[in-house]
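To start, the structure itself, in structure tokens.
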Amino acid sequence: MQHSDFVPLHLHTEYSLLDGAIKIDELVEQASAYKMPAVAITDHGNLFGVIDFYKRAMKKGIKPIIGCEVYVAPNSRFDRSKTSIDNGLSDEAAAFHLILLARDSMGYKNLATLVTKAYLEGFYYKPRIDKDLLEQYSGGLIGLTACIKGEVPYYLRNGNKEKAREAALRYKHMLGPENFYFEIQHNGMPEQEEANKLLAELSRELHIPLVATNDCHYLRKEDAKAH
């Protein structure tokens with residue numbers, strides 16, 4: 001099979017409970033068959049599968065990228081006044097989504113710290129961090145704006161470009177200009193296509209690069225119906 005240069009950077013395994021359907025052993029085998037140089041896992045709010053993933057990927061000569069789709073509280077992680085965890089474009093959402101990828105060992109340690117504190121300090125519907133905490137433990141991390149439930153695409157689609165710009169610039173400042181990306185996806189959803197266009201426009205304005213991903217929840221096309 002021809003070598004694939006595409007590296008999945010937004011992927012949910014079976015450890016994204018009640019959401020992801022990708023088994024780690026099958027993921028690594030498929031990535032090896034496609035001759036992918038690297039693959040990431042970014043489960044919702046946890047790192048449960050990373051050790052198994054790391055060991056299996058290394059055995060196959062695939063670079064394992066350890067990540068997490070974290071939940072970010074709009075204000076403080078201690079705020080428990082919102083009425084739901086994520087309700088479409090509702091202002092009542094208690095958290096936005098954000099992809100964090102460990103760039104190095106420091107990044108892995110910081111990611112583990114963030115996830116731990118999200119459970120111990122920020123749990124409300126889901127384990128949540130906030131921007132103050134991320135700023136404290138941002139070393140070695142790469143951030144992507146995630147799906148349409150991410151903060152930047154949320155505000156763009158909601159017609160609040162100023163808030164989107166403000167959020168994007170803060171993430172860029174916290175993580176470093178070389179470590180923050182606007183995430184675009186091609187998944188057939190009209191709302192995602194809308195977000196892609198708006199993100200591309202803001203990318204040019206703020207000089208924040210784009211990265212192409214897919215929000216992977218299952219391994220093969222034929223798994224779609226079961227998922």
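Is the range 125-135 home to any residue that is modelled with pLDDT under 95, farther than 24 Å from residue 8 by Cβ, among the hydroxyl-bearing types (Ser, Thr, Tyr) and touching a strand residue (DSSP E or B) at 6+ places or on another chain (Cβ under 9 Å)?
Yes, some residue in the range 125-135 is modelled with pLDDT under 95, farther than 24 Å from residue 8 by Cβ, among the hydroxyl-bearing types (Ser, Thr, Tyr) and touching a strand residue (DSSP E or B) at 6+ places or on another chain (Cβ under 9 Å).
Got at least one residue in the range 203-223 being under 19 Å from residue 20 (Cβ atoms), among the aliphatic types (A, V, I, L, M) and surrounded by 14 or more Cβ atoms within 10 Å (Cβ to Cβ)? Let's see the steps before the verdict.
Step one: list which residues in the range 203-223 are under 19 Å from residue 20 (Cβ atoms), which gives 213-223.
Those still in the list that are among the aliphatic types (A, V, I, L, M) too: 219.
Narrowing the set further to residues that are surrounded by 14 or more Cβ atoms within 10 Å (Cβ to Cβ) leaves 219.
Within the range 203-223 (the criterion being under 19 Å from residue 20 (Cβ atoms), among the aliphatic types (A, V, I, L, M) and surrounded by 14 or more Cβ atoms within 10 Å (Cβ to Cβ)), the answer is yes, since at least one residue qualifies.
Just for the range 1-19: of the residues that are acidic (Asp, Glu) and either within 13 Å of residue 66 (Cα to Cα) or under 18 Å from the mean Cα position of the chain (by Cα) (or both), which one is surrounded by the most Cβ atoms within 10 Å (Cβ to Cβ)?
The extreme case among them is 14.
Part of a loop (DSSP other than H, G, I, E, B) and in contact with a Lys or Arg (Cβ under 9 Å, 6 or more places away or on another chain): does that describe residue 159?
The answer is no for residue 159.
Filter the range 175-196 for residues that are part of a helix (DSSP H, G or I), at pLDDT 95 or above and within 16 Å of the chain's Cα centre (by Cα); which is surrounded by the most Cβ atoms within 10 Å (Cβ to Cβ)?
In this case the residue turns out to be 195.
Just checking, how many residues over the range 20-42 are touching a strand residue (DSSP E or B) at 6+ places or on another chain (Cβ under 7 Å), buried (at least 18 other Cβ atoms within 10 Å of the Cβ) and part of a loop (DSSP other than H, G, I, E, B)?
Residues meeting the conditions: 1.
Determine whether the range 86-97 contains at least one residue that is crowded, with 21+ Cβ neighbours inside 10 Å, touching a Ser or Thr at 6+ places or on another chain (Cβ under 9 Å), more than 23 Å from residue 213 (Cβ to Cβ) and in contact (Cβ under 8 Å) with a residue 24 or more places away in the chain.
Yes, the conditions are met somewhere in the range 86-97.
Which one of these does residue 83 not meet: (1) at pLDDT 95 or above; (2) among the β-branched types (Val, Ile, Thr); (3) touching an Asp or Glu at 6+ places or on another chain (Cβ under 6 Å)?
Failing condition for residue 83: (1).
The values are calculated or read from the model by the stated rules, or taken from the named source; none is laboratory data. These numbers were taken from a predicted model, which means no experiment stands behind them. Positions of Cβ are backbone-derived with ideal geometry, glycine not excepted, and every protein chain shown enters the neighbour counts.
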